[in-house]
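The values are calculated or read from the model by the stated rules, or taken from the named source; none is laboratory data. Everything numeric here is computed off the predicted structure, so don't read it as measured data. Positions of Cβ are generated from backbone atoms using ideal geometry, with glycine treated the same way; all protein chains shown enter the neighbour counts. These area figures cover heavy atoms from the full protein model, side chains too; ligands, DNA and RNA do not enter into them. Shrake-Rupley method; radii C 1.70, N 1.55, O 1.52, S 1.80 Å.
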Protein chains: 2
Amino acid sequence: MIASVLTIGDEILIGQIVDTNSAWIAQKLNEIGIRVCAKISAADTQNSIVDALNFAKQKSDLIIITGGLGATKDDITKKTLAGYFDLELYFHQETYDRMHGFFAKVGRTVSEMNRNSCYMPYDAIILNNEKGLAPAIWIEKENKIFISLPGVPFEMKHLLEDKVFPKLKLVAHISPIVHRTILTAGEGETQIAEKLGDFENILPSHIKLAYLPTLGTVRLRLTALGESEEVLEKELDFFEKQLLDTLGDLVYGFGENNLPNAIGTILKNKKLTLGTVESCTGGNIARLITLNPGASTYYFGSIVSYHNSVKTNLLQVDENELIQNGAVSESTVIAMVKGGLTKIGVDIVVATSGIMGPDGGSELKPVGTAWIAVGNSENIVAKKIFMNRGRDINIEYTSIVALNMLRKFLLEA
Amino acid sequence: MIASVLTIGDEILIGQIVDTNSAWIAQKLNEIGIRVCAKISAADTQNSIVDALNFAKQKSDLIIITGGLGATKDDITKKTLAGYFDLELYFHQETYDRMHGFFAKVGRTVSEMNRNSCYMPYDAIILNNEKGLAPAIWIEKENKIFISLPGVPFEMKHLLEDKVFPKLKLVAHISPIVHRTILTAGEGETQIAEKLGDFENILPSHIKLAYLPTLGTVRLRLTALGESEEVLEKELDFFEKQLLDTLGDLVYGFGENNLPNAIGTILKNKKLTLGTVESCTGGNIARLITLNPGASTYYFGSIVSYHNSVKTNLLQVDENELIQNGAVSESTVIAMVKGGLTKIGVDIVVATSGIMGPDGGSELKPVGTAWIAVGNSENIVAKKIFMNRGRDINIEYTSIVALNMLRKFLLEA
């Protein structure tokens, strides 16, 4: 089965928003073995949508459409689809009842405009939206499936995963497909590929390995296509184990996990508490850790010592050493760890100090240089790193490397 | 002039990357008065690209193509374009010389694969890439302009802004267009639109006002289309002043500025220093401030008091009050400001404490509740806010509201 994704909305064509929906949809379709051959964004006009539908249906069996279903936008997508297939619209009582119930809960009544949005095309299958007002509309015509979804990301995701995919698996012939995602940190794509040369040679042709690099981490995805899900799971068990044995402690997690959350699990298991002391990363490591719910069980907090006076006064970094070696130095980050252990009152601290740019670099310490230290009351390790690809990327990279140093330290602690 | 944007790459169609290029291109084209009627993403195959070209040229005079120009990808875009217009390829010495010079600088030689990428279609105009290897290729055929750019964002942006736009302005009739962007924080789109009712009524039809809302802030863009840039600038001076008079202190800046940077300017002018004390925002406010270069001149640092022990031990929040009122309370955030003023040693502190979810809420303090306080040694103000749209959005929203409270406090300080 081959699909096209059609996103509708003037806001996409004036560049006011980045279309993240279509990337998410493409990823999910690929995961269930449906290849996406094209993505099209069309304006909020009938002509635009019709042109895009004509283009999409020439190339694909499944056309996923998002956007243009809101009551405020005159339902241009629904009307256009109905016109395109010559389908009358009828009042869909169930959608109205759901809407009425939803509004009643928040003490509002259904406006005329909202009531008008409850008309649906004859012959279409209506899939209820549990997270919003506009349902998904499923139309089968010309041996193809057209599915119209609202553009609000969390409604679209809910409808696609919970309503559309189960139905799609019933009506379409989709070969079983099984994925495993293995998360690594500490080496680049090329170094990992070198380590996995032998592994890739023994992989059978129905199992693919994809490298998905992001800043400081690489996700590896094993995808197996076949006839029996059970057989594929067993095969992946085998190959995943081979892969894990080869990569050792480069692997920090699986699936949708993230590096600070994986660190949190180690900390909880070892009953250890964590603090951070950040200069150049300016609170970004704290942010990455606390984006995970429940971080307060192991993470106590951070001292963002951006100005040197905070380093000397609050963290008691020795002023003479600071002047002598500079804020971006091994001695400073080690002193920052020591200060953090006492002041935050935790078992382990990670500290950063660097020059993130665009100014402030020197010949000895160019923009992009950072020192990172991690340690406990017994042992502190420090490392100098370098990455200069713009201030925001330098900050993010330094944060990820610091988190990974922390992870490695914990594995040995 | 009407344009289509065509992005090429399997990585877009498997959802591995979000296509941010096309949104950026659409925005820039709109800014110079070129409407984008469609965006298409095609796979790295000749058929896919040809289908997309056929679709795009039916609808537009200008087709901007990105991606598929790298040497590693077999130059599928360039070969396909050459084939599409029946143009032979020839060895483009200048591109080779530039590549040779680029590699020589980093001590590398030009590989066979790289040399092969120096062939260009006859009849095409080659625009040199100052930031990378692949130049832009400009082809005029069938009364339309086709422009092929590399997909690497900073190379694409450079070529479009520095090479393509100046040339486009010469050959195409593009009416002068002038923009002003006014940045506001503190009110939603609807409230601002209500305030601007009279203003919008007096706006002449060749000047448009667009609302570009993001979390906690709204950008307002005035766009004037006409025959003389000088006249338009004068008109916009007048209308911008009207708008500023109406909105008063909702306006925090102009153009590409951001809220923490605008706050930095006030702090520098008033010679004041700033610290932050964050619980629920977990370092995100510190991060937003320190993403701006030069923040260390006014920003000293943050104490991220995620765990209550940091609030009581380091910030000396009264333990009894904390237990009695809870961490998410007026008394706690006020005490956090006081602790921050002393411990960080600054003139002004902003503090946050809230429940960001998904768990931890109660009937009295549901998920999404946050207390914010800002103050100096003489005066502290506090406010309770509420927003529940998922943990990451709750954190970002609380951060932006806190920064805006700080800005308002500074304006009156």
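Residues are listed down the side, and each one gets a yes or a no for (1) part of a helix (DSSP H, G or I); (2) open to solvent by 10 Å² or more (accessible area, probe 1.4 Å); (3) within 14 Å of chain B (Cβ to nearest Cβ):
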position: A:120; (1), (2), (3): no, no, no
position: A:132; (1), (2), (3): no, yes, yes
position: A:145; (1), (2), (3): no, yes, no
position: A:158; (1), (2), (3): yes, yes, yes
position: A:205; (1), (2), (3): no, yes, no
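Any chance the range B:44-60 includes a residue that's among the small types (Gly, Ala, Ser) and touching a residue at least 60 places away in the same chain (Cβ under 8 Å)?
Yes: one or more hits.
With the requirement that a residue be away from chain A (no Cβ under 14 Å) and surrounded by fewer than 21 Cβ atoms within 10 Å (Cβ to Cβ), what does the range B:332-379 give you?
B:334, B:338, B:362, B:363, B:364, B:365, B:366, B:376, B:377, B:378, B:379
Tell me which of these residue B:256 doesn't satisfy, since it passes every other one: (1) at pLDDT 95 or above; (2) assigned to a loop (DSSP other than H, G, I, E, B); (3) not polar (S, T, N, Q).
With (1) at pLDDT 95 or above; (2) assigned to a loop (DSSP other than H, G, I, E, B); (3) not polar (S, T, N, Q) applied to residue B:256, the lone miss is (1).
I need the full set of residues from the range A:3-33 which are out of contact with any Lys or Arg (no Cβ under 8 Å at 6 or more places or on another chain), more than 30 Å from residue B:212 (Cα to Cα) and more than 7 Å from chain B (Cβ to nearest Cβ), in order please.
Correct list: A:31, A:33.
Considering the range B:34-65 alone, what residues qualify as being within 7 Å of chain A (Cβ to nearest Cβ), within 27 Å of residue B:179 (Cβ to Cβ), part of a strand (DSSP E or B) and not aliphatic (A, V, I, L, M)?
Residues satisfying the conditions are B:37, B:39.
For the range A:353-386, how many residues meet the condition of being part of a strand (DSSP E or B) and within 24 Å of residue B:307 (Cα to Cα)?
6
Would you point out which residue out of B:90, B:96 is open to solvent by 10 Å² or more (accessible area, probe 1.4 Å), away from chain A (no Cβ under 14 Å), of a type in the set (Phe, Trp, Tyr) and part of a helix (DSSP H, G or I)?
Only one candidate passes the filter, namely B:96.
If the requirement is being within 13 Å of another protein chain (Cβ to nearest Cβ), in contact (Cβ under 8 Å) with a residue 24 or more places away in the chain and surrounded by 15 or more Cβ atoms within 10 Å (Cβ to Cβ), which of these qualifies: A:236, A:291, A:259, A:250?
A:291
If residue B:83 satisfies every condition in (1) crowded, with 17+ Cβ neighbours inside 10 Å; (2) touching a helix residue (DSSP H, G or I) at 6+ places or on another chain (Cβ under 8 Å) but one, which is the exception?
Among (1) crowded, with 17+ Cβ neighbours inside 10 Å; (2) touching a helix residue (DSSP H, G or I) at 6+ places or on another chain (Cβ under 8 Å), the lone unmet condition for residue B:83 is (1).
May I ask you to say which residue of B:165, B:199, B:103, B:154 is surrounded by fewer than 13 Cβ atoms within 10 Å (Cβ to Cβ) and either under 25 Å from the mean Cα position of the chain (by Cα) or outside any loop (DSSP other than H, G, I, E, B) (or both)?
Residue meeting the stated conditions: B:154.
Considering the range B:262-281 alone, what residues qualify as being open to solvent by 50 Å² or more (accessible area, probe 1.4 Å) and either without any contact (Cβ under 8 Å) to a residue 12 or more places away in the chain or in contact with a His (Cβ under 9 Å, 6 or more places away or on another chain) (or both)?
B:265, B:269, B:271
Can you tell me which residue is most open to solvent (accessible area, probe 1.4 Å) among those in the range A:313-322 that are more than 7 Å from chain B (Cβ to nearest Cβ) and in contact with a helix residue (DSSP H, G or I) (Cβ under 8 Å, 6 or more places away or on another chain)?
A:316
What's the number of the condition residue A:210 fails, among (1) assigned to a strand (DSSP E or B); (2) surrounded by fewer than 16 Cβ atoms within 10 Å (Cβ to Cβ); (3) modelled with pLDDT of 90 or more?
Among (1) assigned to a strand (DSSP E or B); (2) surrounded by fewer than 16 Cβ atoms within 10 Å (Cβ to Cβ); (3) modelled with pLDDT of 90 or more, the lone unmet condition for residue A:210 is (3).
Going through the range B:26-41 one residue at a time, which ones are surrounded by fewer than 24 Cβ atoms within 10 Å (Cβ to Cβ) and either in contact (Cβ under 8 Å) with a residue 40 or more places away in the chain or touching a Phe, Trp or Tyr at 6+ places or on another chain (Cβ under 9 Å) (or both)?
If the condition is that a residue be surrounded by fewer than 24 Cβ atoms within 10 Å (Cβ to Cβ) and either in contact (Cβ under 8 Å) with a residue 40 or more places away in the chain or touching a Phe, Trp or Tyr at 6+ places or on another chain (Cβ under 9 Å) (or both), then B:28, B:31, B:32, B:33, B:34 are the ones that fit.
Kindly indicate the residue of the range A:134-143 that is open to solvent by less than 30 Å² (accessible area, probe 1.4 Å) and part of a strand (DSSP E or B) and also nearest to residue A:159 (Cα to Cα) among those meeting that condition.
A:136
Report the residue count in the range B:294-312 for those that are within 17 Å of residue A:310 (Cα to Cα), within 7 Å of another protein chain (Cβ to nearest Cβ) and open to solvent by 40 Å² or more (accessible area, probe 1.4 Å).
1
Report, by residue number, each residue of the range B:397-408 that is open to solvent by less than 20 Å² (accessible area, probe 1.4 Å) and closer than 12 Å to residue B:375 by Cβ.
B:406
Look at residue A:177 and say whether it is open to solvent by less than 50 Å² (accessible area, probe 1.4 Å), touching a Ser or Thr at 6+ places or on another chain (Cβ under 7 Å) and within 14 Å of chain B (Cβ to nearest Cβ).
For residue A:177, the condition - open to solvent by less than 50 Å² (accessible area, probe 1.4 Å), touching a Ser or Thr at 6+ places or on another chain (Cβ under 7 Å) and within 14 Å of chain B (Cβ to nearest Cβ) - is met.
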